[in-house]
Amino acid sequence: MAIQHAAPGDLIDIRPLGTHLRQTDSATLIRTDHLEVFRYVLPAGKVVQEHTAAGLMIVQCLEGAVEFEAKGRVQELIAGRMLYLADQEPHALKALEDSSLLVTLLLHRA
């Protein structure tokens, strides 16, 4: 069965998960040829090794706190903060608390 993503005009709930965070999986919310938006759920202590994204990336912290490493800096991304990275910018992260992020990728697919 195909994964259902939001259609244009659909409402998408991105409120903090709160006590349900640890029982919720990461999920892609929108997927088109040139745009992908997903909620990335990270339990406290989760480490994501350095990697790159396939497009310009915007990361918004919905809840929790994440140590975000990119461009030679380590910054604390907390609820209410966001950052963006250029296409193919290497980055890594570590969840300091149970956290969820809203990640938007502007892709260069043909």
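Coordinate-derived values only; no laboratory data. Keep in mind it's a predicted model, so treat the numbers as computed, not measured. A quick note on method: Cβ atoms are made from the backbone with ideal geometry, for glycine too, and the neighbour counts reach across all protein chains shown.
Matching residues to (1) basic (Lys, Arg); (2) surrounded by 14 or more Cβ atoms within 10 Å (Cβ to Cβ):
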{"position": "Ile14", "(1), (2)": "no, no"}
{"position": "Leu17", "(1), (2)": "no, yes"}
{"position": "Arg39", "(1), (2)": "yes, yes"}
{"position": "Ala54", "(1), (2)": "no, no"}
{"position": "Ala65", "(1), (2)": "no, yes"}
{"position": "Phe68", "(1), (2)": "no, yes"}
Which condition number in (1) assigned to a loop (DSSP other than H, G, I, E, B); (2) surrounded by fewer than 12 Cβ atoms within 10 Å (Cβ to Cβ); (3) more than 14 Å from the chain's Cα centre (by Cα); (4) touching a residue at least 12 places away in the same chain (Cβ under 8 Å) is the one that Ala6 fails?
(2)
For Ile14, only one of the following conditions fails: (1) part of a strand (DSSP E or B); (2) in contact (Cβ under 8 Å) with a residue 40 or more places away in the chain. What is its number?
(1)
Taking segment 23-44 and the residues there that are more than 16 Å from the chain's Cα centre (by Cα) and touching a residue at least 24 places away in the same chain (Cβ under 8 Å), the one that is farthest from His108 (Cα to Cα) would be Asp33
In segment 58-91, what residues are under 12 Å from Tyr40 (Cβ atoms) and assigned to a loop (DSSP other than H, G, I, E, B)?
Gly64
